[in-house]
Amino acid sequence: MTSVKLKFHLSSSNHEGELIYQIIHRRMVRQIKSGYRIFSKEWNSHINSLNINIYSERKAYLCLINDKVHWEMRKLESFIMKLEHNQLEYTTNDIIAEFERSPHIESVFSFFQLQIDKLKTEQRPRCVESYRSTLNGFSAFLNGQDICFESIDSNLIEKYEAYLRARGLVRNTTSFYMRILRTVYNRAVECGYTVDNHPFRHVYKGVDKTVKRALPISYIRKIRDLDLSDKHALDFARDIFLFSFYARGMSFVDIAYLRKD
């Protein structure tokens, strides 16, 4: 029988210590340092768990650490179940080695930023802006409190969609953000940071047909024929608009990145 427990080792200074995973197998005790540090008042020794005070200024940090610890504990337990299911002889060293080979957990915000950095290296500025806008919106929804991918479920995503709609966004816009967030989530699943719990199954991810709002050609001609010779800024703006029109609706960001060559 093998057990995994979360322990807290107190250091000698500032009442701060480190969370430790204790593995006991055939009376052999081994420990894995988690790297997560908390203060002694943030540890509940009676139930071997973090003491998350809703009034604490470190609540967001403690919630994130709590998510990471639970994820890593489940990962250790899954390794043990796999070994026992296969009826293999194993030691605590085998468990630790498997744990160290597995991908380390990433938080949502940090993993999102990794995807943005990747898009930057691929020189895809429009995608960078879309991903950054999605990250900013999701961060605002969470009040800036980072979470782990394990915390993303259908209930959270439905609340996020309701939050976006309450801010006046139409279905096509909320769908745009949902599709980007789902892409990042699926990438995290591929990397092993979570299992796919299908959190987007109850939110809208389609594209609604929109009412055509095209200007009559007579309006375009009026804009073209305006005398703006004494208003250089407006003259330049009109030229850019007409260029976009003549180029069959080329987007502004593509025009902005154009070079003469």
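The values are calculated or read from the model by the stated rules, or taken from the named source; none is laboratory data. Computed from a prediction, not measured in an experiment: that's the story for all the values here. Neighbour counts run over all protein chains shown; Cβ positions are idealised from the backbone, glycine included. Surface areas here come from the heavy atoms of the whole protein model, side chains and all, with no ligands, DNA or RNA. Shrake-Rupley method; radii C 1.70, N 1.55, O 1.52, S 1.80 Å.
Values as computed for the structure displayed
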| item | result |
| --- | --- |
| Condition met for Y177 (among the aromatic types (F, W, Y), closer than 30 Å to H70 by Cβ and either within 40 Å of the chain's Cα centre (by Cα) or open to solvent by 50 Å² or more (accessible area, probe 1.4 Å) (or both)) | yes |
| Close pairs (9 angstrom Cβ cut-off, 6 or more residues apart or separate chains): within 15 Å of T134 (Cβ to Cβ) in the stretch 155-170, part of a loop (DSSP other than H, G, I, E, B) and of a type in the set (K, R) anywhere | I157/R201 |
| Counted residues, the stretch 212-248 - those being open to solvent by less than 60 Å² (accessible area, probe 1.4 Å) and not in a helix (DSSP H, G or I) | 2 |
| Among (1) assigned to a loop (DSSP other than H, G, I, E, B); (2) farther than 18 Å from Q145 by Cβ; (3) at pLDDT below 85 - the single one I52 does not satisfy | (2) |
| Residues within the stretch 193-210 that are loosely packed, with under 13 Cβ neighbours inside 10 Å and under 19 Å from D67 (Cα atoms), tallied | 3 |
| Odd one out for T194 among (1) polar (S, T, N, Q); (2) in contact (Cβ under 8 Å) with a residue 12 or more places away in the chain; (3) part of a helix (DSSP H, G or I) | (3) |
| Residue identified as at pLDDT 85 or above and acidic (D, E) among D94, D67 | D94 |
| Residues of the stretch 1-25 that turn out to be in contact (Cβ under 8 Å) with a residue 40 or more places away in the chain and not hydrophobic (A, V, I, L, M, F, W, C), as a count | 5 |
| Subset of the stretch 223-261 [farther than 25 Å from E129 by Cα and of a type in the set (S, T, N, Q)] | S229 |
| Residue that is nearest to the chain's Cα centre (by Cα), among those in the stretch 103-126 that are open to solvent by less than 40 Å² (accessible area, probe 1.4 Å) and not hydroxyl-bearing (S, T, Y) | V108 |
| Condition met for S151 (more than 23 Å from R74 (Cα to Cα), of a type in the set (S, T, N, Q), open to solvent by 20 Å² or more (accessible area, probe 1.4 Å) and within 13 Å of the chain's Cα centre (by Cα)) | no |
| Count - residues of the stretch 51-70 that are over 20 Å from S139 (Cβ atoms), open to solvent by 40 Å² or more (accessible area, probe 1.4 Å) and without any contact (Cβ under 8 Å) to a residue 24 or more places away in the chain | 5 |
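Here's the yes/no breakdown for (1) over 27 Å from R74 (Cα atoms); (2) touching a Lys or Arg at 6+ places or on another chain (Cβ under 9 Å); (3) small (G, A, S):
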position	(1), (2), (3)
K120	yes, no, no
S133	yes, no, yes
N155	no, no, no
K159	no, no, no
T174	yes, yes, no
R179	yes, yes, no
R187	no, no, no
C191	no, no, no
